[in-house]
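Values quoted throughout were computed directly from the atomic coordinates according to the rules given, and no laboratory measurement underlies them. Model, not experiment: these values are computed from the prediction. For neighbour counting, all protein chains shown are included, and Cβ atoms are generated from backbone atoms with ideal geometry for every residue, glycine included.
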Amino acid sequence: MPQSHRLPRGGRIDRARPLHFTFNGAAVEAYAGDTVASALLANGVKLAGRSFKYHRPRGILTHGADEPNALLSVDRGPGRVDPNNRATMVEATAGLKVASQNHWPSLEHDVGAVNDWLSPVFVAGFYYKTFMWPRAFWDKFYEPAIRAAAGLGVAPDAADPDRYVHRHAHCDVLVVGAGPAGLAAARAAAQTGARVILADEQAELGGSLLHETTAHIDGKPAAEWLAESRADLAALANVTLLPRTTAFGYYNHNHIVLTERVTDHLADPAPDLPRERLWQVRAKEVVIATGAHERPLAFADNDRPGIMLAESVRVYVNRYGVAPGRRIVFVTSGASAYRAAADAKAAGLDVTLVDVRPDSAIGAERALIAGVRHLTGHTVLGSTGRKSVTGLIVAPVTADGIIGARTTLPCDCAGLSGGWTPSVHLFSQSRGKLSFRTDLDAFVPGSSVQKERSVGACAGTFDLAAILAEGWAGGAAAARSEAARDFAVTPATPVGFKPVRVLRSDADPAKVRAFLDFQNDVTAKDIRLAIREGFESVEHVKRYTTTGMATDQGKTSNMAALGILSEALDRPVPQIGTTTFRPPYTPVTFGAIIGASRDALFDPIRQAPLHDWAAEHGAVFENVALWRRAWYFPQAGEDMHAAVRRECKAVREGVGIFDASTLGKIEVTGPDAAEFLNRIYPNAWLKLEPGKCRYGLMLKEDGFVFDDGVVARIAPDCFHVTTTTGGAPRVLAHMEDYLQTEWPDLKVFATSTTEEWAVIALQGPRARDVLAPLVDDIDLSPEAFPHMAIRTGHIMGIPTRLFRVSFTGEMGFEINVQADHARAVWEALVARGAPFGITPYGTETMHVLRAERGFIIVGQDTDGTVTPDDLGLGGMVSKAKPDFVGKRSLARPDMTLPDRKQLVGLLTEDGRTLLEEGAQIVADTRQPVPMTMLGHVTSSYDSAACGRPVAMALVAGGRARINDTLHVTTPTGFTAARVVPPAFFDPEGKRVNGIAGTNTHA
Amino acid sequence: MRRFSLTSLLSEAMNAHQGWPRQWRKPDPKPAYDAVIIGGGSHGLGAAYYLAKQHGLTNIAVLEKGWIGGGNSGRNTTIIRSNYLYDESAALYEHAVKLWEGLSEELNYNVMFSQRGVLMLAHNVHDVQSFKRHVYANRLNGIDNEWLTPEEAKAFCPPLNISPDIRYPVMGAALQRRGGTARHDAVVWGYARGADAMGVDIIENCEVTAIHRGPDGAVTGVDTTRGSIKTKKIGVSASGHTSMVMGLAGVRMPLESFPLQALVSEPVKPCFPCVLMSNAVHAYISQSDKGELVIGAGTDQYVSYSQQGGLHITTHTLDAICELFPQFTRMKMMRSWGGIVDVTPDRSPIIGKTPVKGLYVNCGWGTGGFKASPGSANVFAHTIARDEPHPINAPFTLDRFRTGRLIDEAAAAAVAH
């Protein structure tokens, strides 16, 4: 496409740097500095997309972040395609492929436009009133059809090759918005030496000054003042300038989050650059200088391509050197459009200005448009054209509202100005209270909650000299300075407007389709329909009509809807209020929010010190909490079942070695350490002697089992507490919670030592034979070092805490050494154990061995509803202690009922079926559904030692059902199982003392 | 009440829709009612609807502090399912799902109940055990829930990443085909319209400032910002603010209130066919009829009455979504918001009588109240009308925290709901 609408001169584009991109496959010529929107307009493209609901042809309405219409899919290469980009915010970049959305088969010819013909039926909320019959049609037919018609662009379906990063920053003053107010604020703050961050969503800093071609500031053209300001700021080491950076969220404690677009504007970005950078800023003070959004005017068919905001016309002419049309009609209810009309006229375009205000209400702005056709006291009754506007139908309105003869003003572009809405989004997100200014017909910042201030147009100040002075004072005050500065600006800014809701018309207002929310196709009559149906709250109107809920979140439409509501209810706007401003200000890429948290960095993998050894020896790993643990060590040709059988046999008959390092470890120290444990655990700790271990069940306040582990007393004031692998963080948090809030008087420190100690479990009848040659200073004889004892000493000269404990039922040791030494000790043990057939085993074998002995795993055999007594461990609960965590709850009547679910063993009657963990248990399979369930299988393994599968289960009144036959669900039905005590192998526990046990249930 | 139908819609289309009446009136409060419901969300309005419809109590009012449906009814992610573990919960939520299945017709209001299926992913052995426990329990309770292999899960939800190389590979999934989503606002408006048509007064912008009790301790009325109202029955259905309302009657509730956040993406063409929940990775996602991806996760860590949470919760939620669906990193968050959820010690609701005669409470829904709306409202109405609980809500007493007969779904399953 040739640049048919590029003006011969002017604009900030770089005419020396032409480039090409494509729109719907056709080449578009552009210059560096263009946006996709300005380039499309320069190429004479008006039709940019189809609206959400009625699939109406739409063009470019705005020049910025508030664009509701021109949403494009942007393709930057494989995996780099994404939908719903505002053409006004995408910089023209060589090689981009942009495409319009929401049409089939093409933008020009869209079958979906049938919805527009059906618009008399498809009014606000029509779908709540129909599609109900027949019932089955909703899921099968109606909803799929609605969904296919809805949505805008197409979601990406390939993995994203781009990277996103986070940056955390602190500053004294964060200035959001680099228009005149923000620049002045940043300069004033920076002068004091304060650390300043100045962010702006545009590619260039400058805001409205980027298209200000007439004003002079302090005697210099505005562009020159802008260049000086930018240069001044750029030269200061205490200032960080962030163009292309949108502050989208204002959270508590002056936490402002911004997203910086780093590479999207680069045709060939360096591969090490992230696509976007999320800035999380904690600012001592925030200066909000986010400007204002212009309002379109509402009249019939005010949405045709070529109709845009008046100030946007000015921007395209002045900043981009583009004529959005050759023959432009401005329609305004205020002064600012006069400047836009004057600038368009100066660019050589045919300009007409229609002012809806009566002639008498027009002020000094009249002088700006000498030579322009000027109609005052007129209304707009409609527009002509379809894929481009071809004319506006206007008519005079008398003082008493009589509409005179209509005229059609031919045009290929219209610029609408219905006044200005301050951009109070961030202020409102900061929880500040808005106040309504009738003179501005707008909400402005009222009282603050956080340390921020709003300056310039976002605070309702529209005169450039006043904006600059307010910005300067605000920036200075934010930096704790009282410096003030006046700015001389000539000529004065034309300001002021008359709020109008819907332009006067002689047509039936119930039929006029005057669009307010362009993207969601909400018209003024939709708002009135909602009100008629009783939706009077602004939130109800929003939800019923969907106004303000599109991707632009109503930046150009919310005030119009509010105004109509106010008129219809005859209540002033402040009594109606406004909808909540919710983050984000503009849509934010998921990637930017998650940053580096992808793939390997999504959740850190914790690896035990012996992880590499296990990997080198063929271990298969499983995820346990954040840890990756060796699950089993298959040898050639073995599946998991075979490997686990072999590993189990080795432990029962010889010796096995297991990496237990992931167990949580907490060092509890201090003079009150024993008293602390005595309160935290239900069993007694005060009399545990140094050198001894004890098993502890930890309860929460509700009396249910929460964690378990062996605790060793190292010294009178020092305990080595172990927890489950997954429970370590919450147990430490639980301890800290009590120490800090309930018992601050106790002198106790609780310190996580999980990473410090590697734990090597050496288990089996030959464990002592393997260990003994490596230990010099600990007497390992059964008399000197009995079961449940702990000794400190050395292994291979390395300090160790050596536990004589067993989770397998076999005689065994857990060797704690500093993590760095773990591999040396492990390898030495493996070497020493070779003659005894030492076998590394994984978590699955550990599970089988413990289940054979009936040892529980908290979280598998318990689920947060299980008391110690339910587990058959009621004896551990001290009756004598005055208090412990959970004591009061254990006294509740339901906690001691005989029909509570109790831990039992289950043996399938056929002796072969391996029950499924999670399977449910019933007494009678012939009962009707819903059946009475007695409990469920918690653990189930094939036991080599028992020669059959064994299972543990929680069964209602289970201990009274020993030897009963119950029925357990299987994928296809039920299988019968006998209830037995939950210990299948060596039930007396003799083997831990080196005495061969018996297998009771085999 | 003007019936909604294609016929009435077409006839109104000829009339430029000038004939539609208010969906509910805007009455001023009367001096006295037979019963008053505090809280105009889906639970409170639903209770009023069933009180009028099934129990003949029509001289009643719903008092709403702000605008109806402005609390959690209008802030949730609209997920509906009934595959709960315990008999008590399963019965309650299944009661709700059965009502959902006929709710559009019942209310003559399209609530867009879409049974697109709720898929819950298992990522570790513990999840597998837990989900199978649910599947089996549901089967014996007559509730649909099935176990899927990762490949079957992928077939049901094609965008799902079942690669073994992700941080927490999918080991299987539980699927409730009858689960799905509904249009949350429509439920509120539908109940309001239905209740109003039977004479119930729905009074918005009416905050209760005091609850009065007589010499015998029974309730006698309330003070509101719109005047005093006499009544002998008060049903409290105020979600995150229940503890404050109950405090007006001198009842201290075992509740904690937390912010719960959710977000939506920009609308896109259909790309996500079902509801998907992952507890281990911790997020849930579906796509709305408008095309937005609707995404949520757990509560903020701190108790608060502020409907604003921290960005780090959003971050963790999206971390999880993009781990499961890496193709979505280029999607954009369009809107995020928070609600205040009231959480009981066992994360199951309290629906029933209170120590104060004439005062009834329906609260403690935590993160899972929307799905229960019709069922909860239905049994709450029964409780208020008859001064005794319906068999379905009989176990959900306030007293259970004293006796210890808890219904701890979260402890049992560690599943967000």
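Name the one entry in B:Thr299, B:Thr329, B:Thr314 that is touching a residue at least 40 places away in the same chain (Cβ under 8 Å), under 20 Å from A:Gly249 (Cβ atoms), at the interface with chain A (Cβ under 9 Å from one of its Cβ atoms) and buried (at least 20 other Cβ atoms within 10 Å of the Cβ).
B:Thr314
Of everything in the stretch A:922-967, what is closer than 21 Å to B:Asp144 by Cβ and either more than 14 Å from every other protein chain (Cβ to nearest Cβ) or in a strand (DSSP E or B) (or both)? Give them in sequence order.
If the condition is that a residue be closer than 21 Å to B:Asp144 by Cβ and either more than 14 Å from every other protein chain (Cβ to nearest Cβ) or in a strand (DSSP E or B) (or both), then A:Val922, A:His936 are the ones that fit.
Having 1 or more residues that are farther than 26 Å from A:Arg606 by Cα and over 50 Å from the mean Cα position of the chain (by Cα) is the bar; report the strands (runs of 3 or more DSSP E) wholly within the stretch A:754-844 that clear it.
It comes to A:789-795.
Run A:Ile60 past the list (1) more than 14 Å from chain B (Cβ to nearest Cβ); (2) surrounded by fewer than 24 Cβ atoms within 10 Å (Cβ to Cβ); (3) assigned to a loop (DSSP other than H, G, I, E, B) and report the number of the one that doesn't hold.
All conditions pass for A:Ile60, except number (2).
Among (1) of a type in the set (D, E, K, R); (2) in a loop (DSSP other than H, G, I, E, B); (3) surrounded by fewer than 22 Cβ atoms within 10 Å (Cβ to Cβ), where does A:Asp863 come up short?
Result: A:Asp863 passes all but (3).
Check whether at least one residue in the stretch A:153-176 is touching a His at 6+ places or on another chain (Cβ under 8 Å) and within 29 Å of A:Val541 (Cβ to Cβ), and report yes or no.
No - not one qualifying residue is present in the stretch A:153-176.
Test A:Ala185 against the stated conditions and say whether it is away from chain B (no Cβ under 13 Å) and part of a loop (DSSP other than H, G, I, E, B).
no
Take the stretch A:299-329 and flag every residue that is in a strand (DSSP E or B) and within 17 Å of A:Gly385 (Cα to Cα).
A:Ala300, A:Ile307, A:Met308, A:Arg327, A:Ile328, A:Val329
Limited to the stretch A:886-943, what total is found for residues that are without any contact (Cβ under 8 Å) to a residue 12 or more places away in the chain, over 21 Å from B:Asp408 (Cα atoms) and in contact with a helix residue (DSSP H, G or I) (Cβ under 7 Å, 6 or more places away or on another chain)?
Residues meeting the conditions: 1.
So is A:Ala510 assigned to a loop (DSSP other than H, G, I, E, B), more than 41 Å from the chain's Cα centre (by Cα) and within 14 Å of chain B (Cβ to nearest Cβ) or not? Steps first, answer last, please.
Details: assigned to a loop (DSSP other than H, G, I, E, B): yes; more than 41 Å from the chain's Cα centre (by Cα): yes; within 14 Å of chain B (Cβ to nearest Cβ): yes.
It is true that A:Ala510 is assigned to a loop (DSSP other than H, G, I, E, B), more than 41 Å from the chain's Cα centre (by Cα) and within 14 Å of chain B (Cβ to nearest Cβ).
Can you tell me which residue in the stretch B:1-18 is farthest from the other protein chains (Cβ to nearest Cβ), limited to those that are exposed (fewer than 14 other Cβ atoms within 10 Å of the Cβ) and touching a residue at least 24 places away in the same chain (Cβ under 8 Å)?
B:Met1
Would you check if A:Ala568 is more than 10 Å from chain B (Cβ to nearest Cβ) and in a helix (DSSP H, G or I)?
Against the criterion (more than 10 Å from chain B (Cβ to nearest Cβ) and in a helix (DSSP H, G or I)), A:Ala568 qualifies.
Among the strands (runs of 3 or more DSSP E) contained in the stretch B:57-173, which hold 3 or more residues that are in contact (Cβ under 8 Å) with a residue 60 or more places away in the chain and over 30 Å from B:Pro395 (Cβ atoms)?
Correct list: empty, since no element meets the threshold.
Any idea which residue in the stretch A:876-921 is farthest from A:Val955 (Cα to Cα), counting only those that are among the β-branched types (Val, Ile, Thr) and either part of a strand (DSSP E or B) or under 41 Å from the mean Cα position of the chain (by Cα) (or both)? Spell out the reasoning first.
Kept after step one, since they are among the β-branched types (Val, Ile, Thr), are these residues of the stretch A:876-921: A:877, A:885, A:896, A:904, A:908, A:913, A:921.
Narrowing further to those that are either part of a strand (DSSP E or B) or under 41 Å from the mean Cα position of the chain (by Cα) (or both): A:885, A:904, A:908, A:921.
On the way: A:Val885: 26, A:Val904: 7, A:Thr908: 15, A:Ile921: 8 Å.
So, considering only residues that are among the β-branched types (Val, Ile, Thr) and either part of a strand (DSSP E or B) or under 41 Å from the mean Cα position of the chain (by Cα) (or both), the one farthest from A:Val955 (Cα to Cα) is A:Val885.
Provide a single number: the residues in the stretch A:4-43 that are closer than 23 Å to A:Arg76 by Cβ and assigned to a loop (DSSP other than H, G, I, E, B).
Looking only at that region, the number is 6.
Quick check on the stretch B:116-133: of everything there that is buried (at least 24 other Cβ atoms within 10 Å of the Cβ) and among the small types (Gly, Ala, Ser), which residue is farthest from the other protein chains (Cβ to nearest Cβ)?
It comes out as B:Ala122.
Given the conditions (1) of a type in the set (D, E, K, R); (2) buried (at least 21 other Cβ atoms within 10 Å of the Cβ); (3) within 11 Å of another protein chain (Cβ to nearest Cβ), and given that A:Asp521 satisfies all but one, which numbered condition is not satisfied?
(3)
How about the stretch A:647-667: which of its residues are outside any loop (DSSP other than H, G, I, E, B) and surrounded by 19 or more Cβ atoms within 10 Å (Cβ to Cβ)? First the steps, then the outcome.
First pass over the stretch A:647-667, keeping only residues outside any loop (DSSP other than H, G, I, E, B): A:647-653, A:656-659, A:664-667.
Selection gives A:Glu647, A:Cys648, A:Ala650, A:Val651, A:Arg652, A:Gly656, A:Ile657, A:Phe658, A:Asp659, A:Gly664, A:Lys665, A:Ile666.
When you scan the stretch B:14-55, how many residues do you find that are among the basic types (Lys, Arg), assigned to a loop (DSSP other than H, G, I, E, B) and over 21 Å from A:Lys525 (Cβ atoms)?
Number satisfying all stated conditions: 3.
Tell me, please, whether a residue that is outside any helix (DSSP H, G or I), buried (at least 24 other Cβ atoms within 10 Å of the Cβ), of a type in the set (A, V, I, L, M) and away from chain A (no Cβ under 14 Å) can be found in the stretch B:367-376.
Within the stretch B:367-376, not a single residue is outside any helix (DSSP H, G or I), buried (at least 24 other Cβ atoms within 10 Å of the Cβ), of a type in the set (A, V, I, L, M) and away from chain A (no Cβ under 14 Å).
Filter the stretch A:74-102 down to the residues that are small (Gly, Ala, Ser) and surrounded by 22 or more Cβ atoms within 10 Å (Cβ to Cβ) and list them by number. Spell out how you get there, then give the answer.
Of the stretch A:74-102, the ones small (Gly, Ala, Ser) are A:77, A:79, A:87, A:92, A:94-95, A:99-100.
Matches in the stretch A:74-102: A:Ala87, A:Ala92, A:Ser100.
Within the group B:Lys154, B:Lys98, which residue is more than 11 Å from chain A (Cβ to nearest Cβ), under 17 Å from the mean Cα position of the chain (by Cα), charged (D, E, K, R) and surrounded by fewer than 19 Cβ atoms within 10 Å (Cβ to Cβ)?
After applying the criteria, what remains is B:Lys98.
Limited to the stretch B:245-272, what total is found for residues that are in contact (Cβ under 8 Å) with a residue 12 or more places away in the chain and either more than 14 Å from chain A (Cβ to nearest Cβ) or not in a strand (DSSP E or B) (or both)?
18
Could you pull out every one of the strands (runs of 3 or more DSSP E) wholly within the stretch A:379-438 that has 2 or more residues that are of a type in the set (Lys, Arg)?
On the way: elements: A:389-396, A:407-410, A:413-417, A:420-422, A:434-437.
Ranges flagged: none.
Determine which member of the set A:Arg339, A:Arg319, A:Arg327, A:Arg314 is over 43 Å from the mean Cα position of the chain (by Cα) and among the charged types (D, E, K, R). Full working, then the answer.
Numbers: A:Arg339 fails: over 43 Å from the mean Cα position of the chain (by Cα); A:Arg319 fails: over 43 Å from the mean Cα position of the chain (by Cα); A:Arg314 fails: over 43 Å from the mean Cα position of the chain (by Cα).
Just a single option satisfies the conditions, and that option is A:Arg327.
From the list A:Thr908, A:Thr975, which residue is among the hydroxyl-bearing types (Ser, Thr, Tyr), under 17 Å from A:Val848 (Cβ atoms) and in contact with a strand residue (DSSP E or B) (Cβ under 6 Å, 6 or more places away or on another chain)?
Result: A:Thr908 is the single residue among A:Thr908, A:Thr975 that is among the hydroxyl-bearing types (Ser, Thr, Tyr), under 17 Å from A:Val848 (Cβ atoms) and in contact with a strand residue (DSSP E or B) (Cβ under 6 Å, 6 or more places away or on another chain).
What number of residues within the stretch A:578-592 are outside any helix (DSSP H, G or I) and either touching a Lys or Arg at 6+ places or on another chain (Cβ under 7 Å) or more than 7 Å from chain B (Cβ to nearest Cβ) (or both)?
Qualifying residue count for the region: 10.
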